[in-house]
Amino acid sequence: MSHDTIPRETVNRERLDVDVLIIGAGPAGLATACRLKQLNPDTHVMVLEKGSEVGAHILSGAIMQPTAMNELFPDWQAMGAPLNTPVVTDEVYYFTEKRGFKFPKLFEPKLLRNHGNYIVSLGNVCRWLAEQAEGLGVEIYPGFAASELLFGDEGQITGVVTGDMGLDADGQQKDSYMQGMEIYANYTVFSEGCRGHLGKQLIAHYQLDEGRFNEKKDPQHYGLGIKELWQIDPVLNEELNKGTSGQHKAGLVLHTAGWPVSETLAKEKAGGGGFLYHLENNQISLGFISELAYQHPFYDPYQEMQRWKTHPTIAKFLKGGKRISYGARAIAKGGLQSLPNMHFPGGLLIG
């Protein structure tokens, strides 16, 4: 496919040149920026983030393996990195509608064993990484979305065009209009997350999903993760649960399979499962993942999550609590063999 197949409006725009341009201030993009400056402080590194601030589009609550942090900042604990809640207990359940059966430790999937990992607010981790990156000399610009790819004469990626700002709903310029600019880079790193709009163009343009890790060509598939953050009143929660294990317990990690997915699987070809993490400050992050391969047009991932929250094993943690934020995001699934090729002329896909 020729790079000429992606049309681009010819507009005279302001131009800026950098050594490395990173699209997306998530954990992968910020870690890349920090490492580049550690390797060569003279490298001109710029990060564009479409959110209003770093962390604005990062959903709170995740389990983080500290291996990369150890390599990037060996003294991260002394530096105040927000990894404050080590995983204390892992529990894996199979749900029926009314009961939850805990897997014996011997039969817990290895992937769900999190000893040595931390329960974190990923938004806080990104904000901390941004502070370290700026301290190293990285330029970070929140509120600027990369809207268009730039190609060189040999078909290589040479940078991006940022989106025009100050347009009304009809695309007409308002008084606050500001034209996007062309940012050229020797190398452009795309850390947009799952199914980023530029990433999809790059995969199609360079046919990155061909000739992957095996000849079987397993297709990439996706899930939808819906997540909520709850604030728990520990005194009220313990009273409502009569002193049982329902109260908040920082460091508890819980994963579930079975109901309600098992109930809908036969008729709607749906799959998925739930998780619940106990963070610090009496907060709980919980969520439900639905595989986006369901065939019934009326299957509703949000409603399935609400049903899942009524299960006695989950509901006991939420009594007396208050939901303080929520959101959803696409999740890449399928394993290593389903990933596209991650490199192409002039750039990388990461994250």
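Readers should treat all values here as calculations from the given coordinates under stated rules, not as data from a laboratory. Computed from a prediction, not measured in an experiment: that's the story for all the values here. With ideal geometry, Cβ positions are generated from the backbone for all residues, glycine too; neighbour counts draw on all protein chains shown.
Quick notes on this one:
- Listed by Cβ neighbour count within 10 Å, with the fewest neighbours leading, Cys194, Cys126 appear as Cys194, Cys126.
- Largest to smallest principal axis extent of the C-alpha atoms in the range 117-157, angstrom: 45, 24, 21
- Among beta bridges that DSSP assigns inside the chain, antiparallel share in %, nearest 5: 65 percent
- The range 120-221: trypsin sites (Lys or Arg not before Pro) in DSSP loop, at most 11 other beta carbons within 10 Å: Lys216
- Neighbour counting of Cβ atoms within 10 Å sorts the residues Met46, Met165, fewest neighbours leading, into Met165, Met46.
- Neighbour counts of C-beta atoms inside 10 Å place His115, His221 in the sequence His115, His221, starting with the fewest.
- Loop sites in the range 70-143: GluC sites (Glu not before Pro), DSSP, at most 13 other Cβ within 10 Å: Glu97
- Hydrodynamic radius (Kirkwood) for the range 57-96, which is based on Cα pairs only, to one decimal in Å: 12.7 Å
- For the range 290-334, alpha-carbon Rg over 2.2 N^0.38 Å: 1.42
- Convex hull volume of the range 56-127 per residue (C-alpha atoms, cubic angstrom): 123 Å³
- Report summary: the helix-based calculation at 222 nm, which adds -39500 (n - 2.57) for every DSSP H run with n ≥ 4 and divides by the residues of the chain, gives -6000 deg cm²/dmol.
- Mean separation of Cα contacts under 8 Å (6+ apart) over length of the range 93-229, as relative contact order %: 11 percent
- Inter-probe distance in nm under a simple model that places probes 7 Å from Cα toward Cβ, at Met181 and Gln65: 3.9 nm
- Candidates Asn282, Asn40, Asn114, ranked by Gaussian network fluctuation over the chain, Cα under 10 Å, top entry: Asn40
- Sorted largest first, the spans of the alpha carbon positions of the range 131-192 along the three principal axes are 37, 37, 17 Å.
- Label assignment, mean projected area of the Cα convex hull in nm² derived from the structure, set (i) 18.2; (ii) 21.7; (iii) 14.8: (ii)
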